[in-house]
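*Asks:* Have a look at the structure that comes next, please.
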Amino acid sequence: MKAVLPICMLLLCLIFVFGVAVIITSDTVPPVVVGDVNGDGRVNAVDLTMMKRQIIGMYNLTSRQIRIGDVNHNGRIDDLDLEILVDVILERSPAK
């Protein structure tokens, strides 16, 4: 509750100074789908291709994309992530 007061005061100051309201809702941040490297909300061959290109050095993913594509959570995108993602795409195992 104590943290809410400073945020409310900041929002009121912004409204007073700039005359605009800042609306913060949970809808502004889309949910993260593990393996969805391109951020379209689906895990598919496009994500797989981007991850393959990252592994062979043809493409540089952002740190956020690497975290999302690191399906086995070992800190990097590697062949095991690709194998897991293929299983997910072919519906042989659930996304983790």
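The values are calculated or read from the model by the stated rules, or taken from the named source; none is laboratory data. Here the structure is a predicted model, which means the values were calculated and not measured. Methodologically, a virtual Cβ is constructed for each residue, glycine included, from the backbone with ideal geometry; neighbour enumeration extends over all protein chains shown.
Residue-wise test of (1) assigned to a helix (DSSP H, G or I); (2) at pLDDT 90 or above.
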residue	(1), (2)
43	no, yes
53	yes, yes
60	no, yes
66	yes, yes
94	no, no
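*Asks:* More than 11 Å from residue 35 (Cβ to Cβ), surrounded by 15 or more Cβ atoms within 10 Å (Cβ to Cβ), among the acidic types (Asp, Glu) and out of contact with any His (no Cβ under 8 Å at 6 or more places or on another chain): which single residue out of 78, 47 fits that description?
*Replies:* The match here is 78.
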